[in-house]
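Bear in mind these aren't lab numbers, they're just calculated from the coordinates by the rules spelled out. Computed from a prediction, not measured in an experiment: that's the story for all the values here. Here Cβ is always computed from backbone atoms with ideal geometry, including for glycine, and neighbour counts include all displayed protein chains.
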Amino acid sequence: MEVVVQKGKKRTKFTKSILIGLISFILLFIIINFIPVKKHDDNDFIRIGSSSPDIIAHRGGAGIAPENTLEAFTLSESLGVDILEFDVRLSKDGQVIVIHDESIDRTTNGKGNVSDYTIEKLKSFDAGYQFVGPDGSYPYRGKGITIPLLTEVLESFDHMPMVIELKENDTELADKFADIINHYNMENKVIVSSFYDEIANYFYDITNGRVAISTASKTTKNFVILNELFLGNIYPLKEKAMQLPTHSSIFDLTTKRLIDSAHERNIAVQYWTINDTDMMEFLLEQGADGIMTDYPNKAIHLLRQKGVDE
Ligand code: G3P
Ligand code: MG
């Protein structure tokens, strides 16, 4: 008889503990969701929450002209893109140059790694060589198109907002890049991106947070997971933009909830690399702030058709 009473008492105690645990968890959850998130100041060069997203020419518009070249930037600007996106690396002699890949094989008539060539040698290769036009021809071959220096791009396009991606996890690149951005007064016109959290944070620190950065890989992942768990509020973000693919592993990154969570902090959500018109249209409906595409002509046409271009 006594054994039965003891067992009953134990069970009640256990149920009580579970109940207290559950209530505490719910309370904590509610408190977390009421924590006000830090909202970034408005800026005048990235759109956030507009009905018309920024059209961002990915690699300058890699589908319409040789990627990451002055020719691509010129064409994209003439089409009316809002932002130019391109990638930077260091040459052997420490110049900041505009190129995506580690090697020059895919985009030029040369072979080998960017880091094995001086700028003088890199300039001797034809950066329009591999571009294939819609009819299968090579319309940019032999036209004197070269891999640009960052300074050349800024000299001609310093009136344009830019997303510039640090392609190397290298403090020398970040230091030189920061100096150039400062020299050309581009600090308020650039979003600096990188897949590497270390270099994005390093760049943020050396520029004392004066230049907008976007979330690098680990930061994006952490935020997305916490946001899925309705715990996004506990994750501080100094970044002013998120540049996302539409999906990553099991996560759909196009949800209104993710976009809204970013907007609560005045963070722009920009998607890459969106070349399909249906996906552009879908992202527009979801409230995306930026469409990064190889075909800015398609995106601009779509916005005009929808009557939302500004
Ligand atoms: O920054 C986003 C996007 O540019 C990343 O893609 O083309 O540099 O490999 P990509
Ligand atoms: Mg890039």
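From the residues in region 84-103 that are outside any strand (DSSP E or B) and under 28 Å from residue 291 (Cβ atoms), which one is nearest to the chain's Cα centre (by Cα)?
Pass one, region 84-103, residues outside any strand (DSSP E or B): 91-95, 99-102.
If we keep only those that are under 28 Å from residue 291 (Cβ atoms) as well, we get 99-102.
Values: 99: 16, 100: 14, 101: 17, 102: 19 Å.
Looking at residues that are outside any strand (DSSP E or B) and under 28 Å from residue 291 (Cβ atoms), I get 100.
Based on this model, can you work out whether residue 223 counts as part of a loop (DSSP other than H, G, I, E, B) and either within 19 Å of residue 167 (Cα to Cα) or out of contact with any Ser or Thr (no Cβ under 6 Å at 6 or more places or on another chain) (or both)?
Answer is no for this residue.
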Residues of region 205-230 classified as crowded, with 18+ Cβ neighbours inside 10 Å and either more than 16 Å from ligand 1 (Cβ to nearest atom) or within 23 Å of residue 255 (Cα to Cα) (or both), total: 10
Residue list for region 243-259, restricted to those being closer than 17 Å to residue 231 by Cβ and either within 16 Å of ligand 2 (Cβ to nearest atom) or loosely packed, with under 14 Cβ neighbours inside 10 Å (or both): 257
Verdict on residue 81 being within 26 Å of residue 196 (Cα to Cα) and either part of a loop (DSSP other than H, G, I, E, B) or not basic (Lys, Arg) (or both): no
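Restricting the search to region 119-145, which residues are basic (Lys, Arg) and either buried (at least 21 other Cβ atoms within 10 Å of the Cβ) or on the phi > 0 side of the Ramachandran plot (or both)? Break it down into steps so the answer makes sense when it comes.
The first filter runs over region 119-145 and keeps only residues basic (Lys, Arg), leaving 121, 123, 141, 143.
Hits for region 119-145: nothing passes.
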Per-region count, region 52-101, residues among the charged types (D, E, K, R), closer than 20 Å to residue 244 by Cβ and more than 15 Å from ligand 1 (Cβ to nearest atom): 1
Residue pairs meeting the criteria (Cβ under 6 Å; at least 6 apart or on separate chains; first within 17 Å of residue 58 (Cβ to Cβ), in region 81-109; second in a strand (DSSP E or B) and not aliphatic (A, V, I, L, M)): 82/54; 83/54; 87/165; 98/86; 99/89; 100/87
Counted residues, region 127-159 - those being closer than 13 Å to residue 70 by Cα and assigned to a loop (DSSP other than H, G, I, E, B): 10
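State whether one or more residues within region 104-118 are assigned to a loop (DSSP other than H, G, I, E, B), acidic (Asp, Glu) and surrounded by fewer than 13 Cβ atoms within 10 Å (Cβ to Cβ). Steps first, answer last, please.
Of region 104-118, the ones assigned to a loop (DSSP other than H, G, I, E, B) are 104-112, 117-118.
From what's left, acidic (Asp, Glu): 105.
Filter once more, so that each one left must be surrounded by fewer than 13 Cβ atoms within 10 Å (Cβ to Cβ): none.
No: region 104-118 contains no residue that is assigned to a loop (DSSP other than H, G, I, E, B), acidic (Asp, Glu) and surrounded by fewer than 13 Cβ atoms within 10 Å (Cβ to Cβ).
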Residue within region 186-198 that is part of a helix (DSSP H, G or I), more than 17 Å from residue 87 (Cα to Cα) and within 16 Å of ligand 1 (Cβ to nearest atom) present: no
Members of region 156-185 found to be charged (D, E, K, R) and either touching a residue at least 24 places away in the same chain (Cβ under 8 Å) or within 16 Å of ligand 1 (Cβ to nearest atom) (or both), listed by number: 158, 165, 167, 168, 170, 172, 175, 176
Filter pass, residue 235 being among the hydroxyl-bearing types (Ser, Thr, Tyr), over 19 Å from the mean Cα position of the chain (by Cα) and surrounded by 14 or more Cβ atoms within 10 Å (Cβ to Cβ): no
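Would you point out which residue out of 161, 148 is in contact with a Ser or Thr (Cβ under 8 Å, 6 or more places away or on another chain) and either over 21 Å from residue 60 (Cα atoms) or surrounded by 15 or more Cβ atoms within 10 Å (Cβ to Cβ) (or both)?
Values: 161 fails: in contact with a Ser or Thr (Cβ under 8 Å, 6 or more places away or on another chain).
It is 148.
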Single residue of region 68-105 satisfying the filter (of a type in the set (S, T, N, Q) and within 15 Å of ligand 2 (Cβ to nearest atom)) that is nearest to residue 301 (Cα to Cα): 76
Failed criterion for residue 149 (all others in (1) under 21 Å from the mean Cα position of the chain (by Cα); (2) away from ligand 1 (no atom under 16 Å from the Cβ) hold): (1)
Whichever residue in region 47-65 is within 15 Å of ligand 2 (Cβ to nearest atom) and on the phi < 0 side of the Ramachandran plot and, among such residues, is surrounded by the fewest Cβ atoms within 10 Å (Cβ to Cβ): 63
Region 245-294, residues that are part of a strand (DSSP E or B), in contact with a helix residue (DSSP H, G or I) (Cβ under 7 Å, 6 or more places away or on another chain) and either within 16 Å of ligand 1 (Cβ to nearest atom) or β-branched (Val, Ile, Thr) (or both): 269, 271, 291, 292, 293
